[in-house]
1. Can you tell me which residue within region B:207-240, out of those that are modelled with pLDDT under 75 and in contact with a Lys or Arg (Cβ under 7 Å, 6 or more places away or on another chain), is least open to solvent (accessible area, probe 1.4 Å)?
2. Kindly check whether there is at least one residue in region A:137-153 that is in contact with a Pro (Cβ under 8 Å, 6 or more places away or on another chain) and either in a helix (DSSP H, G or I) or of a type in the set (Phe, Trp, Tyr) (or both).
3. Inspect region A:332-341 for any residue being crowded, with 24+ Cβ neighbours inside 10 Å and facing another protein chain (nearest Cβ under 10 Å) and give the result as yes or no.
4. Would you tally the residues in region B:92-122 being open to solvent by less than 80 Å² (accessible area, probe 1.4 Å) and at negative phi?
5. May I ask you to list the residues in region B:32-49 that are within 7 Å of chain A (Cβ to nearest Cβ) and open to solvent by 70 Å² or more (accessible area, probe 1.4 Å)?
6. Scan region A:333-347 and tell me whether some residue there is at pLDDT below 95, under 11 Å from the mean Cα position of the chain (by Cα) and not in a loop (DSSP other than H, G, I, E, B).
7. Name, by its number, the condition in (1) at the interface with chain B (Cβ under 9 Å from one of its Cβ atoms); (2) touching a His at 6+ places or on another chain (Cβ under 9 Å); (3) over 16 Å from B:SER55 (Cα atoms) that does not hold for A:SER307.
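The values are calculated or read from the model by the stated rules, or taken from the named source; none is laboratory data. The model shown is predicted, which means the values in this text are computed figures rather than measured ones. For neighbour counting, all protein chains shown are included, and Cβ atoms are generated from backbone atoms with ideal geometry for every residue, glycine included. For accessibility, only protein heavy atoms count, side chains too; no ligands or nucleic acids. Shrake-Rupley method; radii C 1.70, N 1.55, O 1.52, S 1.80 Å.
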Amino acid sequence: MTVSALTRPGERDRLIVKLSEIDWLFVAVLTLIAGAGGLMLFSIAGSSWTPWAAPHLIRYALLLAIMIVLAVLDVRVWFALAYPIYGLGLLLLVAVAVHGQTRLGATRWLGVGPFSFQPSEVMKIGIVLALARLYHGAGAQRARLSWWLLIPAGMIAVPVLLVAKQPDLGTAMLIALTGTVIVVLAGLSWRVIAVGVLGALAVAPPFFMFVMHDYQRERILTFLHPENDPSGTGYHILQSMIALGSGGLLGKGYGLGSQSQLNFLPEKQTDFIFATLAEEFGFVGCVSILILYGAVIFMALRTAYLSHSHFGRLAAAGVTATFALYVMINGAMVMGLAPVVGVPMPMLSYGGTVMVTVMVGFGLVQSVRVHRYAEVTSGKGTFV
Amino acid sequence: MTQPAIFFEEVNERQGVFHRRAILLGAFAGLGLGALGGRLGYLQLVETQRYEKLSASNQFNFKLLPAPRGLIVDRNGAVLAANRPNFRLMVARDKGVDPEATLKTLAEYVPLDDARQRRYLREINAAPKRAPVQIMEDMTWEQFSALNVRAPELPGVTADMGEVRVYPHGGAFAHVIGYVAKVNKEDVDAAGPNPDPIMLHPSFRIGKQGVEKAFDVALRGKAGAQKVEVDANGREVRQDPNGDIPAVPGKVIELTIDADVQLRAEEVFGAESGAAVMMDCRTGDVLCMYSGPSFDANKFVRGLTGAEYRELALYERKPLFNKALTATYPPGSTFKTMVALAALDSGYDPNTVHSCGKTWAWGGRVWHCDQAHGPQTLHTAIATSCDIYFYQCALAVGPDRIAKVARAFGLGQTFDIGIPGQKPGLVPDTAYKRRVFPKDPVWHPGETPSMGIGQGYTHLNPLQLCVQVARLANRRKALHPRLIKSIGGVEQPAGSSFGDLPFKPEHLEFVYNGMGAVTGANGEHIARATGFGQADLGLGSFLMAGKTGTAQSRGYGGGTGAHGAVGEWSLRDHAWFICFAPFDNPRYAMSVLVEHGGFGASAAAPKAREIMRVAMLKDPEITAQITKPAPLPEVPPAERNQDDLPDGPEADPIPTPGQPT
């Protein structure tokens, strides 16, 4: 198919063309990461497909199919559904606050028949869509500095507060940061950014002292001084760093990581799977995985860069930001650079929720790529 | 007319801003990933050795394996302290272990009544997690194997085989060897700031007395370690035999003791209280060091109950006390050998005659003898142990010269025999009075006659008296006792490697002969010789010489009192006998003390004879001269029936019994 053929009107609406426009290299890199996750899950289960490796890979395959379906879904459908999804997310968060399931002292789950899920995950996509939709109709001046900015600020603040109240500080922070990244990308004045950063620094200590729950405060204190509590909360960080450090350049060998195989590593199949990988494959393995993550971020960001619609740009960039934040926070936590916050490594960690969010997000990114020339015109800059 | 919501320039502007900031975001992401990579490099490349160590200490535990404790054997290799296998049962608290139910189950296999179950349940709950608490010891093989079969279904239960110290002879050697027992806080404190970690091992036992204590480190050996891989919960996952560090067994300690001699001493003493020490008077080797009554050291290994301990500690014959080393007694008439030698050494004429009429008035008071011996010379006075002769002899010599001689014979001193607990006792002289009695620093002349018969301030222990008689029998060497023959095969210096006695041979010969006259071993029959008849060991011409002693354990109030084995036990006299044999060519010297036994000749000397007999019979050179082997009739090989022989090429020749080999 020649480039000229693609300029023919209607040509890009054909399914086969759409499929060919998907970034298959991107898909390949994602598959490599998920495969590495399966490999590690197989290892830590004692060379067994159950209970983690097989479900992980099957789940990835299903979600890959969903991602492709979402990729060929017209970006204008995404556009039209942006506010409804955000609204649904808000509604669910309120429902959680009123009628949620409480586990381990946190009210995060909503029951639907036999299943239960976390509405905060819906909001991770919802905030990206809604802000992209909002900014799509806003001029550069408004986005830079105006009273209008209170609208996006409110749109971020409401879900963040609802999630923080659950309490789920990790997810709240993720939503807040994702929203902030979109607001900044949309062209927020540097002066506002500077004031915001200074303000955040000023607010942090009282927030730490008075607003945080004890366990959250303890996590941060432990992170700062893990050696004070080597068998309690500091244990996780310490054992993770031992796993990493003892991996050395080439690792202890596949299936031979003593830290993970003998259960010294906590949450080895979810939050600390990167440490397992680091122990068994060493520095070389870790850097390879980080390069793959870098490639994912770069390709997704490039998709945002090349989109002709502002909605597409911001939506793709927002999803990328969410993904990058996941990688950064989990990586920093595993390496002892951040407190233990319960953020998994996307695609690598076992666990359905995050993978659903990320793959749906990437479905959106690919939709933006497939429909990068499509005109998204119905934006009026206000709520519909 | 509809106004476009966004003007074209604005669209371009916001696209431009987005593009610039998207690049910035990409740069940030790259920076973040780079930071993670840098951190990984630091942890995995720079700090990796530190974390490898931490990981290995997570993964592997070394379980201490106590080394087998060194054996203690006698001079012929007979085992005096050994180790025997011990099947133990232990329960540890752990996740998923219900100690109460576990104990109930165990009660089906081993005797565990409700009271003990409750006690152990408390102990288990008080112990740290996974620290095993010993429930049973010395299980039978049946109990052990039944439990081992069930072990996989009983989490937290371990049945293993350890070693426990055993003293096969029970009490006979308890004071020499001592015993081992559980480590207590004082032992750990005494070990200094870095105690051997094996001391904290639950099955480790430390030497508490005697050889076990003095040579504890040598006997202990070096603990090994078993390398085991453990998971995060501390459970053993697998063993790594290649990583094991083998234990170095403790050294064997060989004593100079002859078990047969000492066992005979134990028999001879029976329930009597006292001590018997025998030395080889050519080498100084201690062949016997018995203190009676003794106690079963095995009971200390497993731990005494309060009642058992009180029974031992409160018994008036003091079984826990080593009377051979730790107790001092007035030597009584045995000390007259020293007075005689001091007299000769200072030029006293041995033919000086003093007449004994049972009493002797001197210094404003009346001095007693046990009977009227008539006229006595120095030689006959030794044989009859005439007090009145020695009162005057001592006065002629003076206390300082007597003390000098006594010290030359090892009295009043301690010897380095390797085990603790020796009391030096006292040999008094004028300097002693000046030093200890500042208010009355004068040696009164009236104190000298008492010293002359081994009473007064003089207090000595049985080992010293044995050294004394060994030197008297040797007549040349200032022998030292040696108790430890070898440690881990390394021979210890002999007791004969010391200088000569600083006395004229004829003077030494005189006292030696005097002791022969006591028992008649030298062929003399002196009237009223105290030990007459004790020379005969029933071994033909091998005779025993000696000197009796009957020491007052209290004042008699004017010299009138009941001697001998009459009256309240704790008020009776101490009976002494120092002796050596054979008289012609002395090999063995011995001191025997029978606490509150009465007369030396009747209480101590017969015991000495019995013990000495065993030592003589154990001596191959002596037995070779006693038993004349009857040669078997020689049968020429050709006449033997060839069919009776085995098919081997050459049958061993029939050994001829009785031939020394």
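1. The residue in question is B:GLY234.
2. no
3. yes
4. Going through region B:92-122 one residue at a time, the tally reaches 18.
5. Keep residues of region B:32-49 that are within 7 Å of chain A (Cβ to nearest Cβ), which gives B:32-33, B:36-37, B:39-41, B:43-45, B:47-48.
Selection gives B:LEU45 alone.
6. No, every residue in region A:333-347 fails to be at pLDDT below 95, under 11 Å from the mean Cα position of the chain (by Cα) and not in a loop (DSSP other than H, G, I, E, B).
7. Going through (1) at the interface with chain B (Cβ under 9 Å from one of its Cβ atoms); (2) touching a His at 6+ places or on another chain (Cβ under 9 Å); (3) over 16 Å from B:SER55 (Cα atoms) one by one, A:SER307 breaks only (1).
Yes/no per residue for (1) part of a helix (DSSP H, G or I); (2) among the aliphatic types (A, V, I, L, M); (3) within 18 Å of B:ALA605 (Cβ to Cβ):
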site: B:GLY514; (1), (2), (3): yes, no, yes
site: B:GLY523; (1), (2), (3): no, no, no
site: B:ILE526; (1), (2), (3): no, yes, yes
site: B:THR530; (1), (2), (3): no, no, yes
